[in-house]
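Notes follow once the structure below has been shown.
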Amino acid sequence: MATILDGRYQLVKPLGAGGFGRTFLARDTRRPGAPTCVVKQLKPASDDPTFIREARRLFNTEAETLEKLGSHDRIPQLLAYFEEKSHFFLVQEFIEGQSLDRELQGDAGATALQDEAALTVMTAPVPASPKIAEPQAVALLKDVLEILEFVHGEGVIHRDIKPENLIRRKSDGRLVLIDFGAVKALGETAPASEGSGESRYTVTIGTPGYMPTEQCAGRPNYTSDLYALGMVVIRAITGCEPTELPHNADTGELVWRDRAKVSSGLAMVLSRMVRSQYVQRYQSAKEAMQALNAFVVPVEAAKTPTIASWATPSRRLKTVDKPQTQGNAGVAWLISGLAVTGFLALVAAGLSPLFLSAG
């Protein structure tokens with residue numbers, strides 16, 4: 001493949017490769033300073049002309065979807081899309097930062113680059129992940145639920161929410177959701193499933209451990225993304241990979257509470273997000289956010305958390321002056337009363353011989 005695409009985008013280095021294509025770090029040579037961007041190559045699985053036409057239609061639909069989603073501040077913006085020699089390319093904003101996956105591995109010194117394709121499978125053993133505190137978990141949930149509320153409002157299911165696809169943006173510490181290569185507009189939903197949010201696409205897209213049963217069967221819906229997000233947070237607070245956690249043999253539900261120290265409110269919210277049956281989960285990101293605000297004690301979290309800052313939840317206690325003043329006054333009267341009583345006792349003791357002698 002040429003090192004310069006569309007006579008404009010100079011490829012710098014590959015970022016990743018997967019079943020949908022390849023991703024490259026590139027520079028836009030037609031803009032001042034040649035800023036960095038991400039070029040994603042989508043390669044059709046067949047050279048058949050009919051297949052290419054269908055791939056082109058889907059590619060244009062995906063580009064339109066990404067154009068809409070990119071209007072959100074924490075979703076990479078689509079900069080361009082084009083076709084070259086029967087290959088399709090998307091150009092997106094480059095997000096500098098570190099992936100949540102790196103954070104959960106405790107690899108604070110490493111810098112992760114945005115990767116819009118599936119990451120290459122690592123063969124080296126991964127060390128046990130450290131656990132995060134509840135305030136961090138709540139901040140993580142709120143950050144991503146805000147994004148999902150927008151994404152689902154545009155009729156899109158992400159279908160591959162996992163720590164690798166959440167980037168902690170270096171400029172402000174906010175989480176950015178990437179890798180929308182799997183998005184499908186719900187405008188093509190089959191009539192039989194209207195109103196349920198289920199897609200008629202049968203291609204299974206996602207990551208084991210973060211995919212619920214309906215998504216494995218090729219029938220994802222909005223709650224599938226909520227399930228995946230719940231699993232991301234459970235991984236973060238338990239330090240365990242989702243595939244390592246057991247399930248209850250009778251109910252089929254995930255067993256994780258014994259591995260995390262969190263409040264009953266947060267545990268209730270997470271448990272409902274990862275129910276095995278999607279009808280038992282929160283049905284929207286907004287509903288999950290409302291439950292989080294209702295059942296979890298609010299904490300004020302710093303944008304760039306540290307172990308010390310997350311150790312103890314911050315709670316503001318209301319001071320009541322009037323009862324305190326009354327309490328002090330009561331103590332003063334008590335002391336005064338004791339003093340007077342003691343004085344009278346001393347006086348009585350001192351005068352008693354006089355009365356006796358007089359008698």
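The values are calculated or read from the model by the stated rules, or taken from the named source; none is laboratory data. Note that this is a predicted model, so its numbers are computed, not measured. All Cβ positions, glycine included, derive from the backbone under ideal geometry; neighbour counts span all protein chains shown.
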Output the residue which, of all residues in region 80-102 that are touching a helix residue (DSSP H, G or I) at 6+ places or on another chain (Cβ under 8 Å) and modelled with pLDDT of 90 or more, is farthest from residue 131 (Cα to Cα). 83
If we keep just the residues of region 54-83 that are in contact with a strand residue (DSSP E or B) (Cβ under 6 Å, 6 or more places away or on another chain) and part of a strand (DSSP E or B), which is nearest to residue 145 (Cα to Cα)? 78
Among the residues of region 249-263, what is the count of those that are assigned to a loop (DSSP other than H, G, I, E, B) and surrounded by 17 or more Cβ atoms within 10 Å (Cβ to Cβ)? 3
Is it true that some residue in region 151-162 is in contact with a strand residue (DSSP E or B) (Cβ under 7 Å, 6 or more places away or on another chain), under 29 Å from residue 41 (Cα atoms) and at pLDDT 95 or above? no
Could you tell me whether any residue of region 219-229 is at pLDDT below 95, part of a loop (DSSP other than H, G, I, E, B), out of contact with any strand residue (DSSP E or B) (no Cβ under 9 Å at 6 or more places or on another chain) and under 24 Å from residue 152 (Cβ atoms)? yes
Determine the pairs where a residue that is within 11 Å of residue 156 (Cβ to Cβ), located within region 63-85, has a partner that is small (Gly, Ala, Ser) with Cβ atoms under 6 Å apart, the partner being 6 or more residues away or on another chain. 65/185
With the checklist (1) at pLDDT 95 or above; (2) in a helix (DSSP H, G or I); (3) closer than 17 Å to residue 161 by Cβ in hand, flag the one item residue 266 doesn't pass. (3)
For residue 118, state whether it is at pLDDT 60 or above and buried (at least 20 other Cβ atoms within 10 Å of the Cβ). no
Which pairs have Cβ atoms under 6 Å, sit 6 or more apart or on different chains, and link a residue in region 242-270 that is over 20 Å from residue 292 (Cβ atoms) and in contact (Cβ under 8 Å) with a residue 24 or more places away in the chain to one that is of a type in the set (S, T, N, Q) and surrounded by 14 or more Cβ atoms within 10 Å (Cβ to Cβ)? 252/276
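When you look at residue 23, is it at pLDDT 90 or above, touching a Gly at 6+ places or on another chain (Cβ under 8 Å) and either farther than 14 Å from residue 86 by Cα or surrounded by fewer than 12 Cβ atoms within 10 Å (Cβ to Cβ) (or both), yes or no?
It is true that residue 23 is at pLDDT 90 or above, touching a Gly at 6+ places or on another chain (Cβ under 8 Å) and either farther than 14 Å from residue 86 by Cα or surrounded by fewer than 12 Cβ atoms within 10 Å (Cβ to Cβ) (or both).
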Exactly one condition in (1) within 23 Å of residue 58 (Cα to Cα); (2) in contact with a Lys or Arg (Cβ under 9 Å, 6 or more places away or on another chain) is not met by residue 11; state its number. (1)
Which ones in region 231-248 are assigned to a helix (DSSP H, G or I) and touching a strand residue (DSSP E or B) at 6+ places or on another chain (Cβ under 9 Å)? 231, 232, 234, 242
Screening 62, 54, 67 for residues that are acidic (Asp, Glu) and crowded, with 20+ Cβ neighbours inside 10 Å leaves only 62
